[in-house]
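J.: First, the structure itself, so that you have it in front of you.
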Amino acid sequence: MSEIKTEPENSDGPSTSGTQQQQVSATVSDKQPAKAAGPKRRLLLEPNPKENTEPPLDVEHATPEDVPLHMRQLLALCESEDRKIAPAELLLLLIYLVAMECGFVEVETYSQKRHKLQPVPAFSSFHAGNVRLLSLEPPHYSVGFNDTVFSFKLRTLHDKHTTEEAALVIAMESRLRAVHLGDELMVSLSPPVSSKLPGYSTALTIARYVLNIQAKGKPIFNRFRKLDNLSYQLKQNLFHPMRTQQLGQINQQLQPSLTGLPEELYQEIFRYLNRTQLKTVGKVNSLLNYHSKRTLKRR
């Protein structure tokens, strides 16, 4: 009975004995290391996707793990001052980073690095090389009223490197102010006093974007939250409108764009819109409001 029971255990065929068993066991032992080493060799050959990924280009796509180079450079300069940066001031630095992405630069930094900057075309605002170069310089801004008011003097970059007249220089400048009120940071971007152009402003909740406490052993980037929302708010409410009207003063329309079309095309486009659609388009800005009302009067 014992011999009958042992035969099914050997799935390879009849049982072996003596020298044959030793040869079989030796063969099995020789194959086992090769099977164990197989997966290890494949892992060494497989590329690691994290090693080939580059950091994001702008603040909008930043995460605590993947930080844009210009964001890392600028914050490293501020951290080296051996002082604790308050959440309101950290949010101010994030605002300046978004400003650089939109084609703005602090005036003193511009005067120092102007010869190294590349032209920025009117239809664009982001130049990765310029942003990374400018982020190597510490930001220059004034602080007043017990560290509650911050002020930047900004300059808009454009696609001309010719000698600039005084009127052109003034037209391309603006003042960025941030006032700390409670848990809010009231941010405004104003043109020169002599200009008749409007300014723009927005209110940001500090705790929404910057945590008050930094975790022990964690980098400063772990304090930032909802940077995509922050970038959108600043671009739509401050920097893009200001840059559009500044470039419009020097006859550099942001083409292709709806506000950069030739005058005769508005009538051709707006004639396809009904009254409700024209009223909606007229709420976008003063230029489209003018052409929408003009179209309504002709009907």
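The values are calculated or read from the model by the stated rules, or taken from the named source; none is laboratory data. Because the structure is a prediction, the values reported are computed rather than measured. Counting neighbours? That spans all protein chains shown, and the Cβs are built from the backbone with ideal geometry, glycine included. With ligands, DNA and RNA removed, areas are computed over all heavy atoms of the protein, side chains included. Shrake-Rupley method; radii C 1.70, N 1.55, O 1.52, S 1.80 Å.
J.: Quick one: order Y110, Y141 from most to least accessible surface, probe 1.4 Å.
T.: On the way: Y110 30, Y141 50 Å².
If we order Y110, Y141 from most to least accessible, we get Y141, Y110.
J.: Points 7 angstrom from Cα along the Cβ direction at Q118 and E268: gap in nanometres?
T.: The modelled label-to-label distance comes out at 3.4 nm.
J.: For the cross-link pairs K153/K196; K116/K218; K226/K283; K116/K196; K84/K216, which exceed 23 Å when the distance is taken from alpha carbon to alpha carbon? Can you show the working numbers first?
T.: Numbers: K153/K196 18 Å; K116/K218 35 Å; K226/K283 29 Å; K116/K196 32 Å; K84/K216 14 Å.
Listed pairs above 23 Å: K116/K218; K226/K283; K116/K196.
J.: So for each of 273-284, 146-157 I average, over its residues, the number of other beta carbons within 10 Å; can you give me the resulting order with the highest mean first?
T.: Working: 273-284: 13.4, 146-157: 17.5.
In decreasing order of mean packing, 273-284, 146-157 become 146-157, 273-284.
J.: Using heavy-atom solvent-accessible surface (probe 1.4 Å) with all chains present, what is the largest-first order of K226, K216? Intermediate values should be presented prior to the final figure.
T.: Working: K226 110, K216 200 Å².
If we order K226, K216 from most to least accessible, we get K216, K226.
J.: At a probe radius of 1.4 Å, what is the per-residue accessible area of I220, in Å² to the nearest 10?
T.: We get 10 Å² for I220.
J.: A follow-up question, please. Rounded to the nearest whole Å², what accessible area per residue is found for the stretch 128-177 with the 1.4 Å probe? Write down the numbers at each step before the final one.
T.: Details: 2550 Å² over 50 residues.
That works out to 51 Å² for each residue.
J.: Once the Cβ-Cβ distance between E65 and K283 is put in as r, and R0 is 30 Å, what FRET efficiency do you end up with, to the nearest 0.05? Don't skip to the answer; put the middle values down first.
T.: On the way: r = 41 Å, r/R0 = 1.36.
Using R0 = 30 Å, I get an efficiency of 0.15.
J.: Using Cα centres only, tell me the gap between the stretch 217-232 and the stretch 143-198 in whole Å.
T.: Between the Cα centres of the stretch 217-232 and the stretch 143-198 lies a distance of 24 Å.
J.: Additional query: Show me, for the stretch 91-99, the HN-Hα J-couplings you get by feeding each phi into the Karplus relation (A = 6.51, B = -1.76, C = 1.60, θ = phi - 60°), rounded to Hz, glycine and proline as x.
T.: Residue by residue, the stretch 91-99 yields 5, 4, 5, 5, 4, 5, 4, 5, 4 Hz.
J.: If you don't mind, another one. Ignoring ligands and nucleic acids, what accessible area does H127 show with a 1.4 Å probe (Å², nearest 10)?
T.: Its heavy atoms expose roughly 60 Å² to the probe.
J.: Once neighbouring chains are kept in place and the probe is 1.4 Å, which whole percent of the accessible area of the stretch 169-299 is contributed by carbon and sulfur?
T.: Working: 4230 of 7800 Å².
That fraction is 54 percent.
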